[in-house]
Amino acid sequence: MNTEAKKQYTISVFTEDKIGLLNRITIIFTRRKINVESLTVSESETKGIFRFTIVIELEPSNIEKLRGQLEKQVEVLKAFYYQDHDIVYQEIGLYKISTSEFVNGDKVENIIRKNNARILRIEPDYTIVEKTGHEEETRALFEELEPHGILSFVRSGRVAIAKPMKRLHVYLKEIGKLD
Amino acid sequence: MLVLEQPFVETEKEVIASKPNTTGAEAVILSLLAENVDTIFGYPGGAIMPIYDALYDYLDKVKHILTRHEQGAIHAAQGYARVRRKAGVCFATSGPGATNLITGIADAMVDSTPLVCITGQVTEGLLGTDAFQETDVVGISMPITKWNYQVTKAEEIPQAIAKAFYIAESGRPGPVLLDITKNAQFEGCDFKYQKCRRIRSYLPKRALVPEKIAEAAELINSCKKPLVLAGHGILIAKAQEVFQEFIEKSGLPVASTLLGLSAMSVEHPNYVGYLGMHGNYGPNVKTNEADLLIAVGMRFDDRVTGGLDTYAPDAKVIHIEIDPSEINKNVKATVPIIGDAKEALEALLPHVNERKYDEWLAEFAECDRLEDEKVVQKALAPTTEKIKMVEVIKMLSDKTEGKAVIVTDVGQHQMIATRYYKFAETESNVTSGGLGTMGFALPAAIGAKIGVPHRDVIAVAGDGGFQMTLQELGTIMQNDIPVKIIVLNNHFLGMVRQWQELFFDRRYSFTDIESPDFVTLASAYGVKGIQVTDRDKLESGLTQMLESKESFLLEVIVEKEENVFPMVPSGASVSDIRLE
Ligand SMILES: Cc1ncc(C[n+]2csc(CCOP(=O)(O)OP(=O)(O)O)c2C)c(N)n1
């Protein structure tokens, strides 16, 4: 058994746009009993190349092996892993509260202002508030709003951009995947 | 938006086969012909019927072997692939046909065996509806295939098959699966075949890094107690010749993994034995005294390393391996060389000095002497009434001069056969290593015999494993495949019984196994056979089997409670290998 302390890693996996890859990638984690804390998939800055952003906790001695397993997949171009200080990252929280709470005095309005959140929509019976930030920040807003009645809450997975300046195709050229 | 200049898949310019106005099903067969496939192992069913129908017109160009079970088909394809070093091909229908392939796919994945598996699938419109015999085989096989893909349009077929062969055979080989829906098989298309040249996201083989070669050579030239660990990668890369040259120049002692056997003659003066749980004493013990391990095309499986905490404590490690994910996975590499074994050895060869390790080799010889005294002589000098497995294999080895292809099942007989057969020729060992699949031997031997018909192919199985796939005697019967079969019958699931004896207080929970009369059973399939119980009949029995022009089954009743030694208990250090 590995008794090393785990660390949080944000993994970026660049892949071809192929059905089934999501499954292939998640299997690599589940097979090793690694819990995926968040997963976001979107097209990257390069046409037809998708970027998976995956947040996990893992022993440092295993992260490089995990990267190897990801890159072993035929349709994976490259995988990178980062710790929080290597990246700029964000998540988004959406909060649904009842409009009557909102118009009842200025408490809720003050919370929203203080947290730099914004109102996306006001309907007669509900209001949708949006907050982007780190998980602690979206959670802090949740806790402040909760006494006023949250009807529904959702938080996105993490999206992250690495601080180093190299672009994907430069890495791909270096390892010989691109001419 | 950025665009990568390189297209996702690049094909060869040349169109090597074409036929306008055909069907998807015919395109499957034409694609296989374009890949020079000469044998398909398979079993038909509803969802793959159009492909079988198209095949019917091409029986002058490609052989199809109808097995008795899809597991038989895939193991046969594996046996074929292992002796031919090219992709084995198998067909199965959807649902149960496809799921019956799973064990073989998993086996091929861990043992780096190239396979192209083609399964039929229900028509596209029925996908996801739990239609009759609809199974998500792409989903099920995902973790055990190198690549898999579902084809739903006829026009996709040539490129999908071209990709399948390219992926299966290049880099570290492995199984791929194409699941072709029935509508795609029926649909019309214009067939045009171009081989796959490159896939931009996939780098099968990396260029060698010259600095790493130099660093490795320096370690090799300055070490005192080196040991080469020779793996399957040498055979896969067809690097046997340069390997031997490298060994003879550098003087390094060589130990082999289970799948690396027959990469080098066991009679070579630098060959010091076989690694792992039931390997030889010397290479196991000396691993922990070595100051340098040179691992070539092997992956430090736990059956080789034993407990990692105590593995090779004094050794620096050069790891030559084509699959980058194997580097530092189990054992940290001092100098990783990612690349093809042949290219790496060719690059290393001019940089290594001519050296001799007489004293170090003498230490291995001393270990051999000890093993011979404690293990081999006991196994060979019969004090028991019943024949011992070792006697059978030793005699088989002598009679065939180590030149046969030995296809083993899984268990004690496998360890005995691979320990005592003196592999004199290369590409002579076909076994299920990483998965340890009982039932592998008989069908794999069928495939191997079809792959190398000019060689003697001998399946060695236990009474347990033989019963897992013995229905393939029907395949032998129908196709007149002259494979020889030795069943070493100890009336036990011997390997598990051994563990029960050693580690579970002899509580033989469900390891005694009754068998039918194998000789009568074989004769029902038209396969001749004899049973040998007496030592003095063994030699004539073996001769009869070897001289038979047809398939032949030799059942030998062996000692019931023989144990395989040496043995590294599971998780123990390789230096704690037990001789008795
Ligand atoms: C499909 C499968 N099931 C179970 C096992 C576990 N197992 C490993 S060796 C063995 C015993 C094999 O017995 P037998 O075929 O009679 O060979 P022996 O060990 O007696 O030579 C078993 C049950 C296995 N390897 N494969």
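The values are calculated or read from the model by the stated rules, or taken from the named source; none is laboratory data. Small disclaimer: the values here were computed from a predicted structure and weren't measured. Every residue, glycine as well, gets a Cβ built from its backbone with ideal geometry; the counts of neighbours run over all protein chains shown. Just the protein is used for accessible areas: all its heavy atoms, side chains included, with ligands, DNA and RNA removed. Shrake-Rupley method; radii C 1.70, N 1.55, O 1.52, S 1.80 Å.
Which value, in debye to the nearest 20, describes the size of the charge dipole of segment B:210-363 about its Cα centre when Lys and Arg Cβ atoms bear +1, Asp and Glu Cβ atoms bear -1, and nothing else is charged?
Values: 14 positive and 23 negative charges, 33 e Å.
Roughly 160 debye for segment B:210-363.
Looking at segment B:445-531, which GluC sites (Glu not before Pro) are DSSP coil and have at most 14 other C-beta atoms within 10 Å of their C-beta?
Values: sites: B:472, B:501, B:514; in loops: B:514.
Taking segment B:445-531 and a limit of 14 other Cβ atoms within 10 Å, the loop GluC sites (Glu not before Pro) found are B:514.
So what's the net charge close to residue A:45: Lys and Arg +1, Asp and Glu -1, counting the other residues with Cβ under 11 Å from its Cβ?
Working: positive: A:47, A:51, A:167; negative: A:43.
With Lys, Arg at +1 and Asp, Glu at -1, the net is +2.
For the Cα atoms of chain A, what angle does the longest principal axis make with the long axis of helix A:60-71, in degrees from 0 to 90, nearest 10?
So the helix axis and the longest Cα principal axis differ by about 70 degrees.
Return the average number of partner chain Cβ atoms within 10 angstrom of each residue Cβ along peptide B:205-211.
Details: counts 1, 3, 2, 0, 0, 0, 0.
Per-residue shielding by partner chains comes out at 1.
Between residue B:572 and residue B:422, what FRET efficiency follows from the Cβ-Cβ distance if R0 is 30 Å, with the result rounded to 0.05? Working shown, then result.
Values: r = 28 Å, r/R0 = 0.93.
After rounding, the FRET efficiency stands at 0.60.
Please name which of A:69, A:12, A:28 has its Cα lying farthest along the dipole of chain A towards the positive end, using unit charges on Cβ (Lys, Arg +1; Asp, Glu -1) and the Cα centre as origin.
The residue sitting farthest along the positive end of the dipole is A:69.
Restricting to DSSP loop positions (anything but H, G, I, E, B) with no more than 10 other Cβ atoms inside 10 Å of their own Cβ, which trypsin sites (Lys or Arg not before Pro) remain in segment B:548-580? Kindly include the intermediate steps, with their values, before the conclusion.
Working: sites: B:549, B:560, B:578; in loops: B:549, B:560.
Here the trypsin sites (Lys or Arg not before Pro) that fit, given the DSSP loop and packing criteria, are B:549.
Based only on Cα atoms, what mean projected area does the convex hull of segment B:279-338 have, in nm²?
Working: hull surface 14.8 nm².
Dividing the Cα hull surface by four gives the mean projection, 3.7 nm².
May I ask which residue of B:437, B:132, B:350 lies farthest towards the positive end of the charge dipole of the protein assembly as shown, with charges of +1 (Lys, Arg) and -1 (Asp, Glu) on Cβ and the Cα centre as origin?
So the residue we want is B:350.
Under a no-solvent Debye model with one identical scatterer per Cα of chain A, what's log10 I(q)/I(0) at q = 0.10 Å⁻¹?
-0.51
Shape verdict for segment B:258-304, please, from the Cα gyration tensor: rounded (a/c under 1.5), prolate (a/b greater than b/c) or oblate. Walk me through the intermediate numbers first.
On the way: a/c = 1.34, a/b = 1.15, b/c = 1.16.
Rounded shape, in that the Cα axes give a/c under 1.5.
How do A:81, B:357 rank by accessible surface area computed with a 1.4 Å probe, from largest to smallest?
On the way: A:81 75, B:357 15 Å².
I get A:81, B:357, largest accessible area first.
About its Cα centre, what dipole magnitude does the protein assembly as shown give when the only charges are +1 on Lys and Arg Cβ and -1 on Asp and Glu Cβ, stated in debye to the nearest 20? Working shown, then result.
On the way: 85 positive and 106 negative charges, 217 e Å.
With only Lys, Arg, Asp and Glu charged at Cβ, the dipole is about 1040 debye.
Ranked from the most accessible area to the least, with a 1.4 Å probe and all protein chains present, what is the order of B:329, B:13, B:484? Before the final figure, lay out each step's value.
Details: B:329 55, B:13 185, B:484 10 Å².
Largest to smallest exposure gives the sequence B:13, B:329, B:484.
Less than 16 Å from a label point 7 Å out along the Cα-to-Cβ axis of residue A:85: which backbone N atoms in segment A:138-179 qualify, by residue?
Correct set: A:163-164.
Pairs of Cα atoms under 8 Å, at least six residues apart: use those to get the relative contact order of segment A:7-82, whole percent.
Values: 126 pairs, mean separation 36.4, N = 76.
Here the relative contact order equals 48 percent.
Using the basic label-point model (7 angstrom from Cα toward the beta carbon), what is the residue B:535 to residue A:4 distance in nanometres?
Using points 7 Å along Cα→Cβ, the separation is 5.5 nm.
List the residues, sorted by chain then number, that are 5 or more residues from residue B:91 or on another chain and whose placed amide H is less than 5 Å from its amide H.
B:41, B:42, B:43, B:118
Is segment B:126-198 rounded, prolate or oblate when judged by the Cα gyration tensor, a ≥ b ≥ c being the square roots of its eigenvalues, rounded requiring a/c under 1.5 and prolate requiring a/b larger than b/c? Please report the intermediate quantities before stating the final value.
Numbers: a/c = 3.82, a/b = 1.18, b/c = 3.24.
Oblate.
Based on the Kirkwood radius over alpha-carbon pairs, what is the Stokes-Einstein translational diffusion coefficient of segment B:9-199 at 20 °C with 1.002 mPa s viscosity, in µm²/s?
Numbers: Rh = 16.0 Å.
Approximately 134 µm²/s, per Stokes-Einstein.
Across segment B:210-363, how large is the tail of the calculated P(r) beyond 28 Å, expressed as a percent of all Cα pairs? Mind dumping the intermediate values first?
Numbers: 791 of 11781 pairs.
The share of Cα pairs beyond 28 Å in segment B:210-363 comes to 7 percent.
To the nearest 100 Å², how much accessible surface do chains A and B cover up together, summed over both, with a 1.4 Å probe?
Numbers: alone 11010 and 23190 Å², together 31630 Å².
Counting protein atoms only, the buried area is about 2600 Å².
For segment A:3-50, what's the relative contact order in percent, using C-alpha pairs closer than 8 Å and at least 6 residues apart? Working shown, then result.
Working: 20 pairs, mean separation 22.9, N = 48.
Over segment A:3-50, the number comes to 48 percent.
Which log10 I(q)/I(0) values, to two decimals, does segment B:385-557 give at q = 0.13, 0.16 Å⁻¹ under the Debye formula with one point per Cα?
Relative scattering, expressed as log10 I(q)/I(0), comes to -0.58, -0.89.
Quick one: with all protein chains in place, what share of the accessible area of chain B is carbon or sulfur, to the nearest percent (1.4 Å probe)?
On the way: 11000 of 21900 Å².
Its accessible area is 50 percent carbon and sulfur atoms.
Work out the mean other chain Cβ neighbour count within 10 Å for the residues of B:250-257 and drop it here as an integer.
On the way: counts 0, 0, 0, 0, 0, 0, 0, 0.
What the average comes to for B:250-257 is 0.
In whole percent, what relative contact order does segment B:210-363 give with Cα contacts below 8 Å and a gap of six or more residues?
Numbers: 305 pairs, mean separation 46.7, N = 154.
Reported relative contact order: 30 percent.
Shielding of B:325-331 by partners, i.e. mean partner chain Cβ atoms within 10 Å per residue?
Working: counts 10, 3, 3, 4, 5, 1, 0.
Whole-number average of other-chain Cβ neighbours for B:325-331 is 4.
What ranking of B:314, B:463, A:84 comes out by heavy-atom accessible area, probe 1.4 Å, highest first?
On the way: B:314 100, B:463 0, A:84 55 Å².
Reading off the accessible areas and sorting them downward yields B:314, A:84, B:463.
Express the accessible area of the protein assembly as shown per residue in Å², computed with a 1.4 Å probe while the remaining protein chains stay in the model.
Details: 31630 Å² over 759 residues.
Accessible area per residue: 42 Å².
I'd like the distance separating the alpha-carbon centroids of segment B:433-456 and segment B:110-124, in whole Å.
19
Of B:205/B:356; A:177/B:146; B:225/B:329; B:19/B:195; B:153/B:195; B:378/B:399, which ones are farther than 26 Å apart at the Cα? All intermediate terms of the calculation are to be shown ahead of the outcome.
Working: B:205/B:356 33 Å; A:177/B:146 18 Å; B:225/B:329 24 Å; B:19/B:195 16 Å; B:153/B:195 19 Å; B:378/B:399 21 Å.
Exceeds cut-off: B:205/B:356.
Leaving ligands, DNA and RNA out of it, work out the accessible area of residue B:53 with a 1.4 Å probe and give it in Å² to the nearest 10.
Residue B:53 exposes around 110 Å² with every protein chain in place.
Round to the nearest 0.05 the FRET efficiency obtained for residue A:167 and residue B:383 when R0 = 51 Å and r is the Cβ-Cβ distance. The partial results should precede the final answer.
Numbers: r = 73 Å, r/R0 = 1.43.
That pair, residue A:167 with residue B:383, gives E of 0.10.
Using helices alone, what [θ] at 222 nm do you get for the protein assembly as shown, with -39,500 (n - 2.57) per DSSP H run of 4 or more residues, divided over all residues and rounded to the nearest 500? Write down the numbers at each step before the final one.
Working: 30 runs with 266 residues, N = 759.
Calculated from helices alone, the mean residue ellipticity at 222 nm is -10000 deg cm²/dmol.
Counting Lys and Arg as +1 and Asp and Glu as -1, each charge on the Cβ, what is the dipole of segment B:529-580 about the Cα centre in debye, to the nearest 20? Please list the in-between numbers first.
Details: 5 positive and 11 negative charges, 22 e Å.
So the dipole magnitude of segment B:529-580 works out to roughly 100 debye.
For segment A:7-82, what is the largest minus smallest coordinate of the Cα atoms on each principal axis, given in angstrom and ordered from greatest to least?
Principal extents (largest minus smallest coordinate, Cα): 34, 20, 18 Å.
What is the diffusion coefficient of chain B in µm²/s, taking the Kirkwood radius over Cα pairs and the Stokes-Einstein relation at 37 °C with a viscosity of 0.692 mPa s? Show your work: numbers first, answer last.
Working: Rh = 24.8 Å.
Translational D for this selection: 132 µm²/s.
Just to confirm the number: angle between the C-alpha axis of helix A:21-31 and the first principal axis of chain A, 0 to 90 degrees, nearest 10?
Rounded to the nearest ten degrees, it is 90.
Considering only protein heavy atoms and a probe of 1.4 Å, how much of the accessible area of segment A:7-82 is carbon and sulfur, as a whole percent? Don't skip to the end; give the middle numbers.
Working: 1530 of 3130 Å².
It is 49 percent, rounded to a whole number.
Let me know the whole percent of all Cα-Cα pairs from the protein assembly as shown that are separated by more than 44 Å. Could the numbers behind the result be given before it?
Numbers: 96740 of 287661 pairs.
That fraction is 34 percent.
Over the alpha carbons of segment B:413-460, what is the largest minus smallest coordinate on each principal axis, giving the biggest first in Å?
Answer, in whole Å and largest first: 26, 23, 16 Å.
Which one of B:171, B:214, B:150 is farthest out on the positive end of the charge dipole of segment B:143-254, using unit charges on Cβ (Lys, Arg +1; Asp, Glu -1) and the Cα centre as origin?
B:214
Give the shape of segment A:88-155 as rounded, prolate or oblate, defined through the alpha-carbon gyration tensor: a ≥ b ≥ c are the square roots of its eigenvalues, a/c under 1.5 means rounded, and otherwise the shape is prolate if a/b is larger than b/c and oblate if not.
Details: a/c = 1.91, a/b = 1.65, b/c = 1.15.
It comes out prolate by the Cα gyration axes.
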